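Asks: Dropping a structure here in structure tokens format, bear with me for questions.
The values are calculated or read from the model by the stated rules, or taken from the named source; none is laboratory data. Keep in mind that what you see is a predicted model, and the values were worked out from it rather than measured. With ideal geometry, Cβ positions are generated from the backbone for all residues, glycine too; neighbour counts draw on all protein chains shown. Keep in mind that these areas ignore ligands, DNA and RNA; they rest on the heavy atoms of the full protein, side chains included. Shrake-Rupley method; radii C 1.70, N 1.55, O 1.52, S 1.80 Å.
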Amino acid sequence: MEGGLHTEDQEDASAFKDCFSLAWNNPYVLRLAFSAGIGGLLFGYDTGVISGALLYIRDDFKDVDHSTLLQETIVSMAVAGAIIGAAIGGWLNDKLGRKSAILFADALFFVGAVIMAAAPNSSCLIVGRVFVGLGVGMASMTAPLYISEASPSKIRGALVSTNGFLITGGQFLSYLINLAFTRAPGTWRWMLGVAGIPALVQFILMIFLPESPRWLYRKGREEEAKAIIQKIFPADQVDQEISDLKDSVEEELHEKKVSESISLTKLFTTKTVRRGLIAGVGLQIFQQFVGINTVMYYSPTIVQLAGFASNQTALLLSLVTAGLNAFGSIVSIYFIDRTGRKKLLIFSLCGVILSLGVLSGVFYETTHHSPLVSQLETSHFSGLTCPDYRAASSPLKWDCMMCLKASSPDCGFCAAPDKLQPGACLISNDTTKATCGNDHRQWYTRGCPSKYGWLALIGLALYILFFSPGMGTVPWIVNSEIYPLRFRGTCGGIAATANWISNLIVAQSFLSLTRAIGTAWTFSIFGIVSVVALVFVLICVPETKGLPIEEVERMLERRALHFRFWEKETEPTEKKNQVV
């Protein structure tokens, strides 16, 4: 066992060493990978930036502030656009090439960023979000494809992984940008508009880069493909690479002819494919329904719900979640081939369940032990008293949460100098907010002051730390390994579509759920889904680490469930030797 681990460590070290060595000796390859990888940066930036921008959009557009549905729509329309963009991107990739698809995605992203930055109302903002989503959808599927087809096979994995790093890096960058513009005039317009800069940079860089040699070869433009390969590979490897490319393209075209006869009926009547789809699609759905994108899209809002009123404080604390998410992706790369896929999933889900339990408990305490409303404190703000509170038959029973639930009109809570002491329940508008702030008090419209707020931050941090290395990356890896070769494209597309649609459902429903049943119960639902996901992984997901495609197929055929996932399985080669 020690020898095996030592060999893996040597191979990993060798891969990174080869990557740095080749990049140093041939920067052209690194330039290709980095230029295309900006698409991952755009994907990550858009995911993260809206979470902070939404806080300030609510301040500028009162219709958005008063409607959770409108807030959810602004967030989720980019996801809806991405679903369409990914579908269009597949066609563009095949017809016009990888380079053209990336250029088109950049143009859409840039136009969307300009529309959002200049939006005079929420409707225009939503239109801009759709444009950005279309660009994100195209870039998310095209960038890794371009990198993999324009990279030497020896370092392909390391270079493709840069796209994943840039996604999490883009999320982290978006929070930094959000913080940088919190005091600038226009705040959210700058946050959303800055996204156009990397799109423009990538567009300019890609103009001077070649098309994918694999796509050129498939289209019969062999001389152009050979010229690009000569730039990527050392002279003594060019002939072999061209030969390998020819064989690979011929095999792909053969598989494409076979796959054209694949129907949905055939997918679900073929035992190995059906069981693979259940595992692969199930993982993609559970990845979203355990609530990850509520944290990525709404983390500053969640921080405010935990009792931190300031927009700047909410953004600063949310920066921690983005940093931990990037850290988790690095942890995953280290452990994925050492511990195996299933162990990492189980460890991840156990931690997610624990974290969601903490969050549910914290928000329950915050909701049921919020500061009371004081008639004396409220009387200090003459003419601003919340009408519902003034008309209440039992005003002495009112607390901060009851004040925030008042809706005719909306009301807010002006905390006492000691935030946990009784405060004032007032009409929610800019005048009241300014008056409350002038008195050196904090104004709350989302959550209430709580001594447990810091526990919510710990819960969020734990959630990201546990989710990112396992449920964040493993579903995509399992989906790349679990399907028979000739069904892989179709099944992978179904799984990816299921992920995007699940993402859309969660993004469009989170705020409505928190308003309808409360934040504590919303996180409790995610926790229950996580328990179901854990049972699903134990029963339906096989361990695919180090197994050839044929062995995975045999495992799915005989439905060999490996419940004792902590024990080391016998290697396939050893089994064959025993039979012989």
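Asks: Return the residue satisfying two criteria in turn: it lies in segment 84-117 and is within 21 Å of the chain's Cα centre (by Cα) and surrounded by fewer than 20 Cβ atoms within 10 Å (Cβ to Cβ), and of such residues it is nearest to VAL132 (Cα to Cα).
Replies: ILE84
Asks: Take the residues of segment 238-254 that are modelled with pLDDT of 70 or more and either touching an Asp or Glu at 6+ places or on another chain (Cβ under 6 Å) or open to solvent by 50 Å² or more (accessible area, probe 1.4 Å) (or both): which is nearest to LEU216 (Cα to Cα)?
Replies: Among those that are modelled with pLDDT of 70 or more and either touching an Asp or Glu at 6+ places or on another chain (Cβ under 6 Å) or open to solvent by 50 Å² or more (accessible area, probe 1.4 Å) (or both), it is LYS246.
Asks: So ARG183 passes all but one of these: (1) open to solvent by 30 Å² or more (accessible area, probe 1.4 Å); (2) of a type outside the set (A, V, I, L, M, F, W, C); (3) within 21 Å of the chain's Cα centre (by Cα). Which condition number does it fail?
Replies: (3)
Asks: Can you confirm whether ARG441 is within 30 Å of ALA322 (Cα to Cα), open to solvent by less than 40 Å² (accessible area, probe 1.4 Å) and either hydrophobic (A, V, I, L, M, F, W, C) or over 21 Å from the mean Cα position of the chain (by Cα) (or both)?
Replies: It is true that ARG441 is within 30 Å of ALA322 (Cα to Cα), open to solvent by less than 40 Å² (accessible area, probe 1.4 Å) and either hydrophobic (A, V, I, L, M, F, W, C) or over 21 Å from the mean Cα position of the chain (by Cα) (or both).
Asks: Taking interchain pairs and intrachain pairs at least six residues apart, which have beta carbon atoms under 7 angstrom, with the first residue in segment 408-436 and assigned to a helix (DSSP H, G or I) and the second aromatic (Phe, Trp, Tyr)?
Replies: From segment 408-436, the pairs are LYS433/TRP443; THR435/PHE381; CYS436/TRP443.
Asks: Separate question: Output the qualifying pairs, or none if there are none: Cβ atoms under 7 angstrom, residues six or more apart or on different chains, first residue in segment 197-226 and under 25 Å from GLY135 (Cα atoms), second residue of a type in the set (Asp, Glu) and modelled with pLDDT of 80 or more.
Replies: ALA199/ASP106; GLN202/ASP106; PHE203/ASP106; LEU216/GLU224
Asks: Right, another one. Looking at ALA118, ALA139, which one is touching a helix residue (DSSP H, G or I) at 6+ places or on another chain (Cβ under 7 Å) and in contact (Cβ under 8 Å) with a residue 24 or more places away in the chain?
Replies: When all the criteria are applied, what remains is ALA139.
Asks: Let me ask something additional. Of all residues being assigned to a helix (DSSP H, G or I) and hydroxyl-bearing (Ser, Thr, Tyr) in segment 355-406, which is farthest from PHE466 (Cα to Cα)? Just the residue, please.
Replies: Here the answer is SER379.
Asks: Restrict the check to segment 330-348 and report whether at least one residue is assigned to a loop (DSSP other than H, G, I, E, B), small (Gly, Ala, Ser) and more than 19 Å from GLY48 (Cβ to Cβ).
Replies: The answer is yes; a qualifying residue exists.
Asks: Here's something else I'd like to know. Which residues, counting only those in segment 337-388, are among the basic types (Lys, Arg) and either crowded, with 20+ Cβ neighbours inside 10 Å or touching a Cys at 6+ places or on another chain (Cβ under 8 Å) (or both)?
Replies: Passing the criteria: ARG341, LYS342.
Asks: How many residues, within segment 491-518, are under 14 Å from ALA86 (Cα atoms), among the β-branched types (Val, Ile, Thr) and open to solvent by less than 60 Å² (accessible area, probe 1.4 Å)?
Replies: Selection size over segment 491-518: 1.
Asks: Taking the stated definitions as given, is PRO475 within 30 Å of TYR364 (Cα to Cα) and within 18 Å of the chain's Cα centre (by Cα)?
Replies: When the stated conditions are applied, PRO475 does not pass them.
Asks: Which one is surrounded by the most Cβ atoms within 10 Å (Cβ to Cβ), of the residues in segment 198-237 that are within 30 Å of SER174 (Cβ to Cβ) and aromatic (Phe, Trp, Tyr)?
Replies: For segment 198-237, the residue satisfying everything is PHE203.
Asks: Something else: Here are some residues: ARG58, ARG31. Which one is outside any loop (DSSP other than H, G, I, E, B) and modelled with pLDDT of 85 or more?
Replies: Result: ARG58 is the single residue among ARG58, ARG31 that is outside any loop (DSSP other than H, G, I, E, B) and modelled with pLDDT of 85 or more.
Asks: Let me ask something else about it. Does GLY328 qualify as being within 30 Å of GLY447 (Cβ to Cβ) and either at pLDDT 85 or above or open to solvent by 10 Å² or more (accessible area, probe 1.4 Å) (or both)?
Replies: The answer is no for GLY328.
Asks: Going by the structure shown, is MET191 modelled with pLDDT of 90 or more, in a helix (DSSP H, G or I) and open to solvent by less than 60 Å² (accessible area, probe 1.4 Å)?
Replies: yes
Asks: Can you name every residue in segment 349-376 that is free of Cβ contacts under 8 Å to residues at least 60 places away in the same chain and of a type in the set (S, T, N, Q)?
Replies: SER374, GLN375
Asks: Go through the residues of segment 290-307 one by one and say whether even a single one is more than 30 Å from HIS368 (Cα to Cα), under 15 Å from the mean Cα position of the chain (by Cα), hydrophobic (A, V, I, L, M, F, W, C) and open to solvent by less than 50 Å² (accessible area, probe 1.4 Å).
Replies: Among the residues of segment 290-307, not one is more than 30 Å from HIS368 (Cα to Cα), under 15 Å from the mean Cα position of the chain (by Cα), hydrophobic (A, V, I, L, M, F, W, C) and open to solvent by less than 50 Å² (accessible area, probe 1.4 Å), which makes the answer no.
Asks: Looking at segment 57-69, is at least one residue under 30 Å from ARG214 (Cβ atoms) and open to solvent by less than 10 Å² (accessible area, probe 1.4 Å)?
Replies: No, segment 57-69 contains no residue that is under 30 Å from ARG214 (Cβ atoms) and open to solvent by less than 10 Å² (accessible area, probe 1.4 Å).
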